[in-house]
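Asker: What follows is a structure written as structure tokens; I'll ask about it next.
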There are 2 protein chains.
Amino acid sequence: MERGVTTRRQLLSAMGMLGGTAALYLSMTSLGHASETQFAGPPGLSGARKGASVIVLGAGLAGMLAAYELRKAGYSVKILEYQARAGGRNWSLRGGDTYTELGGATQNVAFQPGNYLNPGPWRIPHHHRTLLHYCKAFGVTLEPFIQFNHNTFVHSSQAFGGKPVRFNAAAADFEGNIAELLAKSINQKALDEAVTAEDRERLLEALRGWGMLDKDFKYTAGLRSASHRGYDRPPGGGVNGAPIPSALYNLHDVLDPQVWTSMAFFMNHEMQTTMFQPVGGMDMIGKAFAKQIEGLVTQNAKVTKIAQDAKGVTVSYQDTQTGVAKTEKADWCVCTIPLSVLSQIDTQLTDEMKAAIQAVPYSGQVKIGLEMKRRFWEEDDYIYGGHSFTDQEIGLVSYPNNNLFKDGPAVLLGAFARDLGAFRLAGMTPEQRIEAALAQGSVFHPESYRKEFLSGASVAWSRVPWTLGCCARWNEDTRKEHY
Amino acid sequence: MERGVTTRRQLLSAMGMLGGTAALYLSMTSLGHASETQFAGPPGLSGARKGASVIVLGAGLAGMLAAYELRKAGYSVKILEYQARAGGRNWSLRGGDTYTELGGATQNVAFQPGNYLNPGPWRIPHHHRTLLHYCKAFGVTLEPFIQFNHNTFVHSSQAFGGKPVRFNAAAADFEGNIAELLAKSINQKALDEAVTAEDRERLLEALRGWGMLDKDFKYTAGLRSASHRGYDRPPGGGVNGAPIPSALYNLHDVLDPQVWTSMAFFMNHEMQTTMFQPVGGMDMIGKAFAKQIEGLVTQNAKVTKIAQDAKGVTVSYQDTQTGVAKTEKADWCVCTIPLSVLSQIDTQLTDEMKAAIQAVPYSGQVKIGLEMKRRFWEEDDYIYGGHSFTDQEIGLVSYPNNNLFKDGPAVLLGAFARDLGAFRLAGMTPEQRIEAALAQGSVFHPESYRKEFLSGASVAWSRVPWTLGCCARWNEDTRKEHY
């Protein structure tokens, strides 16, 4: 069997990110997650030699999408998947699900029907064009994911007396103080050399309007600042309709990193609105993809070796249900196995490639879902979706974007921990994690958090048997050296 | 018939904003629109004398809600409504609707089934607690209204060469320049007296992190600024995965008022996220309210006189279908007629009250709906909901928040004009308004705007026969003097 080099090049260039051999293993892991604004419709694959075969390793979104497009182009396609489920990191935990992590701890999820935790991806930016395209093509209904909510909380253990404050109040005070200080500098002639006279006038006007400064360029408590930061009593009708402004926070607290990191968070390209989520849980996407490639997937297949020669590729795997060792041969192989796992598999990769694979750190985020008896964050605190950030280990509490206003139990994201916080939470038992999430999250909703708690579930990605981490954390250095 | 003063006081204090006589006429117009954060559940009305009657003038949300609660409390309630429709300003125009404005111009709305323009209210803030309460109680399903979208446009005829720019790019450059200039001032010791040494350090760190400054506290083109303002080519996978940063706008343009007014807009209390809209059109609320008070409303009733004496209230009205003059008597009267109309009705109000009524200017906004063959703003520009602002008369183009990703025609809000722009558009024929909206809105979507246009509809509130204006524009002065 001879493989046509031309066909291979066409394949590579047409799919853009798909590799026929190990040469492009790496990039596969990001399909459906990156590069979307370059997306201009599905690839126009063609020229498959009659009977040419491809074996796809991994039935996550990348593997399933590769299989879908390759089969459409005329290839004979098979997928090997380690789990007894397609979808990969596209995953939702629901009541009745059982999950055993590395280390052996097993959780039996007890959420009410319809409730879920998305342990992995959970929000889709408007610029992830590839994923949005296939969601529509495959009938996945999307609803808005409320990313930015002015009425959530910001909590720092180092500021505001350790009490959470509303995002709008903290952000308004940050902007107001910045505006006042810059206006003062301008009026003190400190910027006469840097900025033209005309632009200094424009700048002063902008600072007053954006930062809600008064006529003397001061940021002061009053109805003007309250219209951004919030009122003690908002304007309304009736005999008590007159608004009462709110007091300002002091500059030292307002400069706490939790404030400006929260503000900058929302301006981050990957975090900007509008964002989406599938109606019914993130795994609706994986399920819709799986439906498209029904019959192609061999589940419970643990790949142990990938060997290639002039005739093609041989993949050795073990059936994890029976223990039987098997092999699968094809002309081509598309590997979507996470690098953290791939680095432990017997391959013929070059030393350079192996170094690249091992250089990519996989992050070990921890997510914790907490089911509460009622939506007290909506009913008592007027918070509908969005995130309350904290400098505690849990990182944030995120409020559900589905079934807003609904009575009955709902699942909060009680932690989305990274770095050291994730490391600590991953080291705990599932029960200890829930306790930590309740203790820390109570800072935002002290009256209700423990009182309304029903049950919880957690996923520490460093303990997920089939990924050993959540997502590849390329940085500028590793990208330059290895990509 | 003697009216119990105690009962009357209880009624007033229990409803908070409801008046039994003209004394509280004014406040009724704002029920359901204001004072919501003071809302703590429906009023606990009680003590209605057996057989006591109330006549409610106007079947907008305020009138219907008053009728609903008063009937529940035991009163005998009737409503007089000028239109042949309940809901008042809570209104959606749909295909098949006919609307005749003052001046006689009639529009036959030609939108596709399911599409609509909300000429009046169209978005519900999370702090409008009263309205949210009754939406839930009356079964109105709400969906998120996407108020804040980083990927919309900002257009100024005076900046950026007259071309629209993306909000995220303009806002990032505004913040970056502010941060750089303030950092420069601090490093030049201009603020040593105003800010402590410790806070100056915190401030510098904040400016670098929030404003995406480099290590030298400069805001420069590069991957760091691009992560807020957007990339020329965003980071992705594949062989072309390396991101390409975008060039910065110049300071003079970035200081254009359209930029900072857009930024400040989103920080305004009334405009902050999370916001909602009813699934299916704003009038779903009016319809749900109307269902609750079925049988109480007399439509086509034009009130001509409101007279009160010791025995009660007599309301004279004309049946606009038959021309017959009629009267209705009751112990009490709740008036929700817009002040702009009430000022033309024969009443026994005190001179002070009449002065108050006439002192309240009603704004004359203009909204224009444009039905387009397809959602080119989503498909071509990746804009899902939100507003693109312009300094042209139309004020903005707002993108629909319903049926995102759907194929087929959809209705854009092609204008939400105020002040001088509204005045000009209101002076045009409906056809001329559509042409103006197409001409001006094309600045955002030059390739598609005219090409995809199907039909339009407009409402100039100064020409609406039953309100003569959109909403009362209290300001601090008129509030102090007359409220």
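Yes/no matrix, rows are residues, columns are (1) without any contact (Cβ under 8 Å) to a residue 12 or more places away in the chain; (2) farther than 21 Å from A:THR274 by Cβ; (3) aliphatic (A, V, I, L, M); (4) assigned by TED's automatic domain parsing to the domain that holds B:GLN440:
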| residue | (1), (2), (3), (4) |
| --- | --- |
| B:PHE111 | no, yes, no, yes |
| B:VAL140 | no, yes, yes, yes |
| B:GLU143 | no, no, no, yes |
| B:GLN158 | no, yes, no, no |
| B:SER185 | yes, yes, no, no |
| B:GLY209 | yes, yes, no, no |
| B:MET212 | no, yes, yes, no |
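Asker: Does any residue in the range A:86-101 that is at positive phi come within less than 8 Å, Cβ to Cβ, of a residue that is assigned to a loop (DSSP other than H, G, I, E, B) and aromatic (Phe, Trp, Tyr) six or more places away or on a different chain, and which pairs are these?
Answerer: A:GLY88/A:TRP466
Asker: Then there's this: Read through the list (1) small (Gly, Ala, Ser); (2) buried (at least 20 other Cβ atoms within 10 Å of the Cβ); (3) within 24 Å of the chain's Cα centre (by Cα), then give the number of the only condition that B:ALA67 fails.
Answerer: So the condition that B:ALA67 fails would be (3).
Asker: Can you tell me which of A:GLU352, A:GLU379 is acidic (Asp, Glu) and modelled with pLDDT under 95?
Answerer: Unique residue meeting the criteria: A:GLU352.
Asker: Sticking with this one: Have a look at B:GLY386, B:GLY441 and point out the one that is within 14 Å of chain A (Cβ to nearest Cβ), of a type in the set (Gly, Ala, Ser) and under 22 Å from B:ALA171 (Cα atoms).
Answerer: When all the criteria are applied, what remains is B:GLY386.
Asker: Of these, B:MET271, B:MET275, B:MET372, which one is over 30 Å from B:MET428 (Cα atoms) and in contact (Cβ under 8 Å) with a residue 40 or more places away in the chain?
Answerer: Criteria check complete, one pass: B:MET275.
Asker: Can you tell me which residue is nearest to A:PHE153 (Cα to Cα) among those in the range A:371-383 that are in contact with a Ser or Thr (Cβ under 7 Å, 6 or more places away or on another chain) and away from chain B (no Cβ under 12 Å)?
Answerer: Ranking the qualifying residues of the range A:371-383, first place goes to A:PHE376.
Asker: Please indicate, with yes or no, whether at least one residue in the range A:173-182 is touching a His at 6+ places or on another chain (Cβ under 7 Å) and touching a residue at least 40 places away in the same chain (Cβ under 8 Å).
Answerer: no
Asker: Conditions: (1) modelled with pLDDT of 95 or more; (2) in the same structural domain as A:SER227 (by TED's automatic domain parsing); (3) among the small types (Gly, Ala, Ser). A:ALA190 meets all but one. Number of the miss?
Answerer: Result: A:ALA190 passes all but (1).
Asker: Hey, can you tell me all the residues within the range A:383-442 that are assigned to a loop (DSSP other than H, G, I, E, B) and free of Cβ contacts under 8 Å to residues at least 60 places away in the same chain?
Answerer: A:GLU393, A:ILE394, A:GLY395, A:PRO400, A:LEU404, A:PHE405, A:LYS406, A:ASP407, A:ARG418, A:GLY427, A:MET428, A:SER442, listed by residue number.
Asker: Ok, one more. Assuming B:ALA172 fulfils every condition listed in (1) more than 7 Å from every other protein chain (Cβ to nearest Cβ); (2) crowded, with 21+ Cβ neighbours inside 10 Å; (3) within 29 Å of the chain's Cα centre (by Cα); (4) not in a strand (DSSP E or B) apart from one, which condition is it?
Answerer: B:ALA172 satisfies every listed condition except (1).
Asker: Something else: From the list A:MET267, A:MET212, A:MET263, exactly one residue is at positive phi and of a type in the set (A, V, I, L, M). Which is it?
Answerer: Only one candidate qualifies: A:MET212.
Asker: Oh, and also: Restricting to the range A:443-466, name every residue that is under 24 Å from A:TYR82 (Cα atoms) and not in a strand (DSSP E or B).
Answerer: A:TRP461, A:SER462, A:ARG463, A:VAL464, A:PRO465, A:TRP466
Asker: Further question: Of all residues in the range B:132-141, which are of a type in the set (A, V, I, L, M, F, W, C), out of contact with any Pro (no Cβ under 6 Å at 6 or more places or on another chain) and either facing another protein chain (nearest Cβ under 10 Å) or under 26 Å from B:VAL397 (Cα atoms) (or both)?
Answerer: B:LEU132, B:CYS135
Asker: Right, something else. Would you confirm, using the coordinates I've provided, whether A:LEU181 is crowded, with 16+ Cβ neighbours inside 10 Å, within 26 Å of B:GLN272 (Cβ to Cβ) and within 8 Å of another protein chain (Cβ to nearest Cβ)?
Answerer: yes
Asker: Answer yes or no as to whether A:PHE217 is among the hydrophobic types (A, V, I, L, M, F, W, C), touching a residue at least 24 places away in the same chain (Cβ under 8 Å) and within 11 Å of chain B (Cβ to nearest Cβ).
Answerer: no
Asker: While we're on this one: Being in a loop (DSSP other than H, G, I, E, B), in contact with a Gly (Cβ under 8 Å, 6 or more places away or on another chain) and facing chain A (nearest Cβ under 10 Å) is the filter here, so list the residues in the range B:194-214 that pass it.
Answerer: B:MET212
Asker: Please enumerate the residues belonging to the range A:33-66 that are of a type in the set (Gly, Ala, Ser) and at pLDDT below 85.
Answerer: Hits for the range A:33-66 are A:ALA34, A:SER35, A:ALA40, A:GLY41, A:GLY44, A:SER46, A:GLY47, A:ALA48, A:GLY51.
Asker: Would you mind finding the one in A:LEU223, A:LEU251 that is at pLDDT 95 or above and either within 15 Å of A:ILE178 (Cα to Cα) or within 7 Å of another protein chain (Cβ to nearest Cβ) (or both)?
Answerer: Within the list A:LEU223, A:LEU251, the selection yields A:LEU251.
Asker: Here's a check for you: in the range B:154-169, which residue that is farther than 29 Å from B:LEU204 by Cα and within 11 Å of chain A (Cβ to nearest Cβ) is surrounded by the fewest Cβ atoms within 10 Å (Cβ to Cβ)?
Answerer: Among them, the one singled out is B:GLN158.
The values are calculated or read from the model by the stated rules, or taken from the named source; none is laboratory data. A quick note: this is a predicted structure, and the numbers were derived from the prediction, not measured. Glycine also receives a Cβ, built like all others from the backbone with ideal geometry; neighbour counts cover every protein chain displayed.
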